[in-house]
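To keep things clear, I will list the structure first and then write my remarks on it.
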Amino acid sequence: MMLLAQSEKITNWLTPVWTLSTGIGLGFLIVLVIWICFVTCGRIKGINTLHKTPAGLIVSLILSVALFSVLFFGITYPRGFWAQGDLSAADWGRQLMLLSLFFGGGSLIVGFGTIAAVSRKNHSEVSGVLWNGMLYWTSFVSLFAIGFSLIGMFLAYNDGFGRLLFVEKPDEFFDTLVRLPELGEKRAAFVVEAGTPFGGALVEDVAFDGTDLRWIRVKSNQPIELASRPFEDGTRSSDFIDLPASDDFYTYVKRPDDRDKRFGNEPINGIYINNRGDGEAEISISWMIGPKVPESSMVLWAAFGVVVLYLGYIFLMSGVPKIFAVAQSTFKTEVSQPVFLILLLIGCGFVVVSIYIPYNTFGEDIKMYKDSGLTLIRVLGVFLAVWAASKSLAEEIEGRTALTVLSKPVSRRQFILGKYVGIGMTIALLFILIGLIFFIATSYKPVYDSGESTVRDFAWQTCHIEAGSTVPGMVLAYLESMIFAAISVVISTRLGILANFLICFAIYILGHLTPLIVQSAEVAESFEGVVVFGQLISIIFPVLDHFDINAAITGGVPVPVIYLGWAIVYSGLYGLIALLLALVLFEDRDLA
């Protein structure tokens, strides 16, 4: 009955879904542009043969570094980064990490990957890559997201025809995205002479929109007055900021209401300063410009994820074709197995049915729902990783199928790496499909709970916060599953499926208990055996507690992006070590 008349609850529920769909659609459109460039360059002589000569590789790498330099400068310069001379060590560390990722990983992967993608021998494969293997599924998801986003905008521009609105003001989202280079913290320093003229000294180096102003920090060695308009007769103290001389910054926080007239909601192209001191006023000022719709950042993150997924697939296909062939075969085999469909149905069914389960947590049902959903998805991912590794590797070794594959021009290292990548693609598809349903269901959970609680009125931002908080949990759950995929590949080189499950189950338990074991070992310092055992566990077994965000969900604290970055580094290093061990064990395995 809610659909028979325009309902605010429906809009609150579907606005986060529309935001995610818009990001996915934007990412897919970017991929289409890149794909067209690849296909076009693959037809141009000279460009499609760069990979054949060392000089061509070097020139292409230099161009790639130059491109990334322009991108990095274009992102950081409008935000005032290079003009900030007093950055903290943490800020410098983050920027240097970003710089290294851009120049190190980005230049190499994108540079050499592009060379391989536009080569003549890979032209036909790149032409049909969007509907190949794993991208066959994700392309359908992307097209559905584009359709949902377009329908949402069409309904918004026609006021939902009085029936249904996916999103109320999509223009505010796009306006925020367009103005992203203007956002962030800006800084300026200037000098104002003593005895300022009537109306105040105008400083034109400061410009921002008052609507987006979050705060202003000012420091001056003379007493001053600041305002966004000239000082006139009858100007009241509520119209300007009165600052004494101080060596510390004064912070003015902008109130969102219209009663605060010191810095209103109109565009501000300068600041008027009245120097009340006897000498020159040396003024340092910084101001923060925030987005009108902070939730629009999900559009960029979703688009970034889609672009990385597609480009990673293309570069894998063109850069390491033999590993990709094994991975593609493994993916198609595992996706066609009934186990994959069963796990998919269990995951989707649970996250949908659990919406209507009363948790009796005195208003904390949403937190319990997210925690239980992420836990189940993580367990399903680990189970699929162990099952796929056992079926595709251990059984092929025992059934002599691996010997047939290795009789072709495929080395043992390429066989192991291809199996691992194929398992990772299978797990990724499972997480994408269940994750989308989980996101939509979590966005609906506050709407459903509002009908059974005293909280009747809430904004769509509440649904967005709850649904968006599941994304870091899904990323961490996928990283944990990939660690178990690597461990299971190691075990599968020597043992069968039953031993694989038992060992991985023991590692799963010990991995989540590692912090407690290490803490117990530190307490029991007098027992040398306990200390040695705790240190051994912490070194050999992965610390799986790092991939659990139950504490963040309970406390309502967002997961920082830097935390996800370090989790990716940790899982990558652990997976790399496990795969190296798998290569060593498989190198001398008798397959006959």
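The values are calculated or read from the model by the stated rules, or taken from the named source; none is laboratory data. From a predicted model like this one, the values you see are computed outputs, not experimental measurements. Cβ coordinates were reconstructed from backbone atoms using ideal geometry, including for glycine residues, and neighbour counts include every protein chain displayed.
So here's what we get for this one:
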read-out: Pro256 vs. criteria at pLDDT below 75 and outside any loop (DSSP other than H, G, I, E, B); value: no
read-out: Test: residue in region 351-366 that is within 29 Å of Phe415 (Cβ to Cβ), modelled with pLDDT of 90 or more and either in a helix (DSSP H, G or I) or out of contact with any Gly (no Cβ under 6 Å at 6 or more places or on another chain) (or both); value: no
read-out: Candidates Asp91, Asp171, Asp159, filtered to the one that is more than 19 Å from the chain's Cα centre (by Cα) and at pLDDT 85 or above; value: Asp171
read-out: Qualifying positions in region 159-192 - closer than 30 Å to Arg276 by Cα and surrounded by fewer than 18 Cβ atoms within 10 Å (Cβ to Cβ); value: Glu185, Arg187, Ala188, Ala189, Phe190, Val191
read-out: Where a residue in region 293-310 is surrounded by fewer than 16 Cβ atoms within 10 Å (Cβ to Cβ) and its partner, wherever it lies, is of a type outside the set (Gly, Ala, Ser) and at pLDDT 90 or above, with Cβ under 8 Å and at least six apart; value: Trp301/Val471
read-out: For Val326: the one exception among (1) more than 30 Å from Thr375 (Cα to Cα); (2) not in a helix (DSSP H, G or I); value: (2)
read-out: Scope region 380-398; condition surrounded by fewer than 17 Cβ atoms within 10 Å (Cβ to Cβ) and over 30 Å from Arg412 (Cβ atoms); matching residues; value: none
read-out: Identity of the residue in region 218-253, surrounded by 16 or more Cβ atoms within 10 Å (Cβ to Cβ) and among the β-branched types (Val, Ile, Thr), that ends up modelled with the lowest pLDDT; value: Thr235
read-out: Pro338 surrounded by fewer than 14 Cβ atoms within 10 Å (Cβ to Cβ) and either over 30 Å from Trp460 (Cβ atoms) or aliphatic (A, V, I, L, M) (or both); value: yes
read-out: Test: residue in region 314-324 that is surrounded by fewer than 20 Cβ atoms within 10 Å (Cβ to Cβ), among the charged types (D, E, K, R) and at pLDDT 90 or above; value: no
